[in-house]
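K.L.:
Structure incoming, see below.
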Amino acid sequence: MTDRPKLAQLVSARYEVGDGECWLWTGDLFRSGYGRLYDGAKRLRAHRASFVAFVGPIPSGVEVCHRCNNKACVNPEHLYLATHIQNVRDAMADGLIRKFKSATCRNGHQYTPENTRIRPGGARRACKECQRAHCRAYRERRKNAT
């Protein structure tokens, strides 16, 4: 990635302060709503560039997340690092993921952190109690089949 002073200059030139102290990106946006900028070599997500410019490098295996839940915000005080699973759980708790707005599974079990498994990719979740029941029934069928 580009050096920090250059990134800071690129980010600082393209935001304005909005409600809630968010720095709203005024440059181009990806279809997803995240800001984007070109550093001379490649396109970057503006919030990631802001984090690198004003906070520091992003370690591998973590994502830059928004405390304010505003994808266009590049305020480094609103950004934090988290794993993908933590990011998805935060989004679930804030009601941002449409699939996860339900508080219970189809069998009525509560989606609590202890009873919820986030499937790979983070876009789906599973009820652990239902999975245990399914496994018990499968083992019982196998046992009775022999």
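K.L.:
Around Thr146, with a cut-off of 13 angstrom between Cβ atoms, what is the net charge of the other residues, counting Lys and Arg +1 and Asp and Glu -1? List each step's numbers first, then the result.
P.N.:
On the way: positive: Arg139, Arg141, Arg142, Lys143; negative: Glu140.
Summing Lys/Arg as +1 and Asp/Glu as -1 gives +3.
K.L.:
What is the log10 of I(q)/I(0) for the stretch 1-91, computed with the Debye formula using one identical point scatterer on each Cα and no solvent, at q = 0.12, 0.21, 0.24 Å⁻¹?
P.N.:
-0.32, -1.02, -1.31
K.L.:
In the neighborhood of Phe51, defined by Cβ-to-Cβ distances under 11 Å, what is the net charge if each Lys or Arg adds +1 and each Asp or Glu adds -1? Don't skip to the answer; put the middle values down first.
P.N.:
Numbers: positive: Arg4, Arg45, Arg48; negative: Glu63, Glu77.
Taking every other residue near Phe51 into account, the sum is +1.
K.L.:
In the chain, what cysteines have no partner Cβ closer than 4.7 Å?
P.N.:
Cys65, Cys68, Cys135
K.L.:
Normalised by the number of residues in the stretch 19-146, what is the relative contact order in percent for Cα pairs under 8 Å and 6+ residues apart?
P.N.:
Numbers: 142 pairs, mean separation 21.0, N = 128.
Relative CO of the stretch 19-146 lands at 16 percent.
K.L.:
When ranked by the protection proxy of mean other Cβ atoms within 10 Å per residue, highest first, what sequence do the peptides 62-68, 140-146, 44-50, 104-110 form? Provide the component values of the computation, followed by the final result.
P.N.:
Numbers: 62-68: 16.9, 140-146: 7.6, 44-50: 23.6, 104-110: 11.9.
Per-residue Cβ counts within 10 Å, averaged per peptide and sorted highest first, yield 44-50, 62-68, 104-110, 140-146.
Read-outs throughout are calculated quantities, based only on the coordinates presented, and are distinct from any laboratory measurement. A quick note: this is a predicted structure, and the numbers were derived from the prediction, not measured. In this analysis, Cβ positions are derived from the backbone assuming ideal geometry, glycine residues included, and neighbour counts consider all displayed protein chains.
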